[in-house]
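Accompanying notes for the structure given below.
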Amino acid sequence: MIDEIKVDIKKSLAKAVQEAFQLSKSPDDISVDIQTKPEFGEFSSNLCVQLLKPTGKKQEEIALEIILRFEKPELVESVEVMEAGGVYYLNFFLDFPEFGDKVLREVLSSKDDYGKSDYHKGQKLLLEHSSINPTGPINVGRVRNSLIGDTMAGLARAVGWDVETHFYVDDMGKQVATIAWGIENKVSEKYSLTFDERGEPVLEKSDGPAKNELLSRYEKYADKPDFKVFFTYVPTTKLIEDENLDSEIDELAERCEKGDEESIGRLKKVVDDVLAGQKQTLERLGITFDSFDFASRFVLDGSARKAIENLKELPQSLELDTGANAIDLSEFGLERRGGGTVFQRPNGTSVYIVRDVAYHRWKLGQADANLIVLGEDHKVEFKELKTILKLLGDLKDDNLLDVVHFAFVGMKGRRMSTRKGVIVSVDELLDEGIERAEEEVRKRNEELDDEKVAEIAKQVAIGAIKYHMLKVQTMKQLTFSWEDALDFEGDAAPYVQYAHARASSILRKGGVFEDASIPENIVFTNDSERDLTRLISHFPSIVFTAAAERRPHLLADYAYKLATQFTEFYHKSPVLGAEEEEVKESRIAMVKATKQTLRNCLSLLGIESPDRM
RNA sequence: GGGCCCAUAGCCUAGCCAGGAUAUGGCGUUUGGCUUCGGACCAAAAGAUCGAGGGUUCGAAUCCCUCUGGGCCCGCCA
């Protein structure tokens, strides 16, 4: 509704400008903003200053001429001219009881659908995210991808896309071959792994039962399959480095790459294990996928070979001195030191980009559009991939394959290092968070049984962690700290959840049925009611912008603002204790609408809304 | 050496792409508030040369250029 009114205002302004100055302006070119400061109305425009040059008149005059001719669209009550800093603003005020009434009705009748639109209805979006290397448990660095991806999926669905989520599993890499070799050669049984004072791994041949320091470090997760693989990965990598066993691994990887099913099977076994563990972690976060796409598939079905053939036919294709085949993308600003991006080694094996090309050709054929969430370290790779797909004729339009990049999550002080066995796994973070949350929940809810406490603690902890990583713009580097990630106060998910729980509490105490019923006549008696309702009305616009511009943090931003606004309302406008019945009923409708909007917003962030906490 | 990204109070952060109203909030600090629908809260105070310099503009945190600091990339790894 808010966006419709905005468009109406733009149209009316365009018409007024046409009549006043004989200037033809498209409504799209007229800037009208949704105002966040109530004293400036619901919308504002700096149109006057923009017409300075085209009209050659003074702002006062322009404002007057426009206002004289401005035909108020529905729900617009008045327009005021306000001067500030040399700029004459046109501020638009809505007919409040009428507008507020409509907003609340819309929320309560749309329920879980409030905020959604059908803009992309009937179109399918294939969203690839996470695609975490199958070498160990998910760490707090990689999980940013999953959280952004899952939120983008929700946002895309909210604007009408039929979304399919995919996880690309690289089961062909050298890293996986290393682990397979390590398991088959029983490295963790034959060698003891310790770490020296600098944290460097130390490997010793063991006579008796081998010790593995990682096992004691991550004792709690000793039976989790992704951790088990990680326990083998670290010593095996060290062994290969110490004894120069690279060629053995290369051989195995090469056999896979050439499509040897037995070898691929050996790697697949490892990958299945890690993936099972990673899936458990993702499941704890409430993140699931429609499809897991294995790289090996594109080798086995011949599409990788086909991609190589097609690449060789391109005019940018060349053979390097070493005998490798490459593609020169320098005309597109993508320079490589060796003279091109290598896609086939001299021994005939292909480089990752070939499988990537094959994979994306397949993906492009599956949906109307593609979106992928990738770390900033893959920026160049993605550009190359896109350029190649265009050269091959598989990508007709740039918009059909889009990307959301995000910056890395660092560690304060010590760096995360798989080689040194130093990781902060998401499992640890979740467990620690839930433990802390349990303490808090128990403190506040003595009457609840253990099971209920545990459930709420989970919702609070997971909410806090997700919100913490999603509230910041994706390209901003994050520095991970336990205190920040598990902070339950201030600008954090528990604050928002708390506002929701309070809303629930009011309705519970008032014996209110949480249905769509709403009084005939909504009354607004103070600013806290109007401001709250106004903010609720912004939600659909926020969802649309966050989805279109791929800025998931806007949701977190909004959730916090709405919670804050509700808290103000809570303190200033007694609901159940309201003197007049009409006021009480109106406020109940506002509480219901706030609760619904908070719930919908948190839900998009993958955060649950407990009714008590 | 080349390319991309980030820089806003002690710390974290919004706003930047589409320039315009006293620069958004949080943490921390100081002060005050639980016989009132839940104190994971609220009210108030202090705290910002918007990294530095130049330019464009009536107007710059926002656009352009140079520089500085940090991150990432420039593998026949994936």
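So the values come out like this:
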read-out: Radius 10 Å from Cβ of A:F332, net charge of other residues (Lys, Arg +1; Asp, Glu -1); value: -1
read-out: Most to least packed among A:65-73, A:45-53, A:472-480 [average Cβ atoms within 10 Å]; value: A:45-53, A:65-73, A:472-480
read-out: At 1.002 mPa s and 20 °C, Stokes D of segment A:163-212 from Kirkwood alpha-carbon radius, µm² per second; value: 161 µm²/s
read-out: Segment A:51-57 - phi-based ³J(HN,Hα) in whole Hz, Karplus 6.51/-1.76/1.60, Gly and Pro as x; value: 8, 3, 5, x, 9, x, 10
read-out: Listed pairs A:K420/A:K466; A:K228/A:K458; A:K11/A:K386; A:K190/A:K279; A:K269/A:K306 exceeding 32 Å between Cα atoms; value: A:K11/A:K386
read-out: Relative contact order of chain A, defined on C-alpha pairs under 8 angstrom at six or more residues apart (%); value: 15 percent
read-out: Segment A:392-455 versus segment A:549-595: alpha-carbon centroid distance in Å; value: 29 Å
read-out: Modelled FRET efficiency - R0 45 Å, A:T36 with A:A222, Cβ distances, 0.05 increments; value: 0.30
read-out: Radius of gyration and Dmax over the Cα atoms of segment A:208-260, both given in Å; value: 14.2, 39
read-out: For segment A:74-208: span of alpha carbons on each principal axis (Å, largest first); value: 87, 44, 26
read-out: Cα gyration tensor, segment A:107-150 - rounded (a/c under 1.5), prolate or oblate; value: oblate
read-out: Chain A - mean residue ellipticity at 222 nm from DSSP helices (-39,500 (n - 2.57) per run, n ≥ 4, rounded to 500); value: -16500 deg cm²/dmol
read-out: Most to least packed among A:77-89, A:12-24 [average Cβ atoms within 10 Å]; value: A:12-24, A:77-89
read-out: Ranked A:D226, A:D272, criterion: other C-beta atoms within 10 Å, fewest first; value: A:D272, A:D226
read-out: Charge context of A:D394, other residues only, Cβ under 13 angstrom, K/R +1, D/E -1; value: +3
read-out: Solution diffusion estimate, µm²/s, Stokes-Einstein, segment A:508-583, Kirkwood Rh from C-alpha pairs, 37 °C, viscosity 0.692 mPa s; value: 228 µm²/s
read-out: Stokes-Einstein translational diffusion, segment A:42-82 - Kirkwood Rh over all Cα pairs, 1.306 mPa s, 10 °C, in µm²/s; value: 144 µm²/s
read-out: Chain A - Kirkwood radius from inverse mean 1/r over Cα pairs (Å); value: 27.8 Å
read-out: Loop-located GluC sites (Glu not before Pro) in segment A:179-236 whose Cβ has at most 15 other Cβ within 10 Å (DSSP); value: A:E197
read-out: Where only C-alpha atoms are counted, convex hull volume of segment A:425-480 per residue in Å³; value: 78 Å³
read-out: Ranking of A:F513, A:F566 by count of other Cβ atoms within 10 Å, fewest first; value: A:F513, A:F566
read-out: Residue order, fewest to most surrounding Cβ atoms within 10 angstrom, among A:V229, A:V460, A:V453; value: A:V453, A:V229, A:V460
read-out: Rounded Å value of the spacing that divides the Cα centres of segment A:217-234 and segment A:132-172; value: 23 Å
read-out: Gained length - A:E189 relative to A:S110, 0.36 nm times residue gap less alpha-carbon distance; value: 22.5 nm
read-out: Environment charge at A:E60 (Cβ cut-off 14 Å; Lys +1, Arg +1, Asp -1, Glu -1); value: -2
read-out: Burial ranking of peptide ranges A:418-426, A:378-386 (average Cβ count within 10 Å, highest at the top); value: A:418-426, A:378-386
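None of the figures in this text is laboratory data; all of them are computed from the coordinates on show. Please read all numbers here as calculations on a predicted model, not as lab measurements. Using ideal geometry, Cβ is built from the backbone for each residue, glycine included, and neighbour counts are taken over all protein chains shown.
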